[in-house]
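Q: Let me give you the structure first, and then I'll get to my questions.
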Amino acid sequence: MSASGTPTIGTRLKNGMLELMGLNLKPDPTIPRPRGLRRFFPKAPAVPEGYHSGTLYRDVIALAWPALIELILTQLTSMADMMMVGGLGPWAITSVGLTTQPKFLLMTMIMSLNVGMTALVARFRGAGDRKAANDVFRQALSLTLVVSTIAAVLGYVFARPMVAFMGAQEPATLDGGTIYLRVQMIGFVPIALTSTITAAMRGAGFSRQAMYYNTASNVVNIFLNYLLIEGHWGFPRLELFGASLATSIGQCVAFLIAFAIVLSKRYYIKLQRGDSFRPNFSLIRRIARVGMPALLEQGFMRAGMIIFAKTVAGLGTVAFATHNICMNIQAMSFMTCTAFSTAATSLVGQSLGKKNPQLAECYCSRARRLGQITAVALMIAFVTLGREIVGLYNDEPEIVEQGSRILLMLVAMLPLQSSQFITAGALRGAGDTRFPAFVSFITVFLIRPGLTILLIHYTDLGLYGAWIALIADQLLRSVLIFGRYAGGVWKTVKV
């Protein structure tokens, strides 16, 4: 503060950053703040009058089980995809792995739009305003079309430089990754539009429909993989081009079904003749208010993950293939977390739309408990079948041995990761997206890549060092997310 009482430039910058990250929001003084461990593991609140615990569990399960089945099938398809590609050799697994982060980076803007739209749709659904919910959906769909078209063109043109930047060390991996990414970019717009339809349906409390069209997509993907990767039933052997083409065609099938669903007028989210797609800047600003911090979060995550993957790629083709296999298997745990996180996002948003934060807490606590059950099941699978699961991708002894040890490292983290992931979903449902952006900056952008570089280059841990860094990132992330949730600030966020 200057002598005249006017805030200095430094103070204004500090306050601006705090505002951007949501760190200057004050807790509601009427909400008691837990102390000690209760700050991070708060006691479940009493069920509000007029509700029953069993009903709340059923509500969570009704939203989570279709998403869980859909996401598990999607991940199993991704695993089968990687296994079928793995038959071509470690170079092929590495080629596909090198395209993962560039593709996610191009999806960053779409994902942030979806976060803002989901929070608003859930609030409007809770408040009983169907027209506003569909207005938000149409605005988001229009924005997705524009942004995804631009991203697809950029991704196609710069595919080879992006794969090279990710650390392709051999001509085969560079050429294979370039082909794979370019085909993905041809089908990028339908993928993005499908994700927006899915996010809107889930925000309104409908998750079964996404299970249907994504299951159809997975079936088409696997079938075409069989035909096109190695050339069966008279089809040409297209290798990585065939694998990517199969994925893109499957995702286009999902889009056509999803689009037909919103045109059917049977569901809360719908498109009909006469709907206006003219820009509504008031709604766009509201989407951006929630979505922009999510964009920062995704940006920090993608940048950190790119540095992380690029550092691991420096260990060589076999080590990076092992890393990609383990990341692919670990994604199964994220899929199960995401299902219950999706339920928490929708139900917390709808509860706050009803002006009932106590109900929102009850839904979150039950989603976390159910998530723990799936985490324990995965722990048992990783401990007892780790070698067999890794061996399905590639049977090279070095890959199987190292991969199974990494899965054992993950076991202790799974329950904490599950609870943290679901809690973060609840914060997003409340519209509290700024703090998760700050957390991603600290953990995924700073801690994970920094510790990975340190442990790989200055110790003899090799690939294990990268996974120690990943676990450290998740532990710190959990502490920060649990602390934010327990503070209760999310109950007062305006969207």
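Q: Could you compute how fast the range 61-492 diffuses translationally, taking Rh as the Kirkwood radius over C-alpha pairs and applying Stokes-Einstein at 4 °C with viscosity 1.567 mPa s? Give it in µm² per second.
A: Details: Rh = 21.9 Å.
This corresponds to a translational diffusion coefficient of 59 µm²/s.
Q: Could you compute Rg(Cα) / (2.2 N^0.38 Å) for the range 130-256, with N its residue count? Don't skip to the end; give the middle numbers.
A: Numbers: Rg = 17.0 Å, N = 127, 2.2 N^0.38 = 13.9 Å.
After normalising by residue count via 2.2 N^0.38 Å, the value is 1.22.
Q: Can you tell me how much longer the chain between residue 232 and residue 104 gets when fully stretched, taken as 0.36 nm per residue apart minus their C-alpha distance, in nm with one decimal?
A: On the way: separation 128, 0.36 × 128 = 46.08 nm, distance 3.10 nm.
Residue separation times 0.36 nm, minus the Cα-Cα distance, leaves 43.0 nm.
Q: Test of the criteria: in the range 151-237, which trypsin sites (Lys or Arg not before Pro) are in a DSSP loop and have at most 16 other Cβ atoms within 10 angstrom of their Cβ?
A: Values: sites: 182, 202, 208, 237; in loops: 237.
Loop-located and lightly packed - 237.
Q: Between helix 463-487 and the chain, what is the angle of the helix's C-alpha long axis to the longest principal axis, kept within 0 to 90° and rounded to the nearest 10?
A: Around 10 degrees separate the two axes.
Q: What number do you get for the range 433-477 when its Cα radius of gyration is normalised by 2.2 N^0.38 Å, N = residues?
A: Details: Rg = 11.2 Å, N = 45, 2.2 N^0.38 = 9.3 Å.
Normalised by 2.2 N^0.38 Å, the Cα Rg of the range 433-477 equals 1.20.
Q: Give the longest segment of the chain that steers clear of chymotrypsin sites (Phe, Trp or Tyr not before Pro) in DSSP loops with at most 12 neighbouring Cβ atoms within 10 Å, not counting the sites themselves. If you can, show how the numbers build up before the last one.
A: Numbers: sites that count: 233, 277.
In the chain, the maximal stretch lacking such sites is 1-232.
Q: With a sphere of radius 11 Å drawn around the Cβ of residue 309, what net charge do the other residues whose Cβ falls strictly inside it have (Lys, Arg +1; Asp, Glu -1)? Don't jump to the answer; show the numbers that get you there.
A: Numbers: positive: 302, 310, 448; negative: none.
Taking every Cβ under 11 Å from that of residue 309, the sum is +3.
Q: Can you work out D for the range 317-383 in µm² s⁻¹ from Stokes-Einstein, where Rh is the Kirkwood radius over C-alpha pairs, the temperature is 10 °C and the viscosity is 1.306 mPa s? Please report the intermediate quantities before stating the final value.
A: Working: Rh = 13.6 Å.
For these conditions, the coefficient is 117 µm²/s.
Q: Do you know the relative contact order of the range 61-492, to the nearest whole percent, from alpha carbon pairs under 8 angstrom that are 6+ apart? Walk me through the numbers before you get to the answer.
A: Working: 716 pairs, mean separation 98.3, N = 432.
This gives 23 percent for the range 61-492.
Q: Express in nm, to one decimal, how much length is gained between residue 51 and residue 494 on full extension, taking 0.36 nm for each residue of separation and deducting their alpha carbon distance.
A: Numbers: separation 443, 0.36 × 443 = 159.48 nm, distance 2.53 nm.
Working it through step by step, the gained length comes to 157.0 nm.
Computed from the coordinates by the stated procedures, all read-outs in this text should not be read as laboratory data. Here the structure is a predicted model, which is why all the values come from computation and not from measurement. All Cβ positions, even for glycine, are placed from backbone atoms using ideal geometry, and neighbour counts span all protein chains on display.
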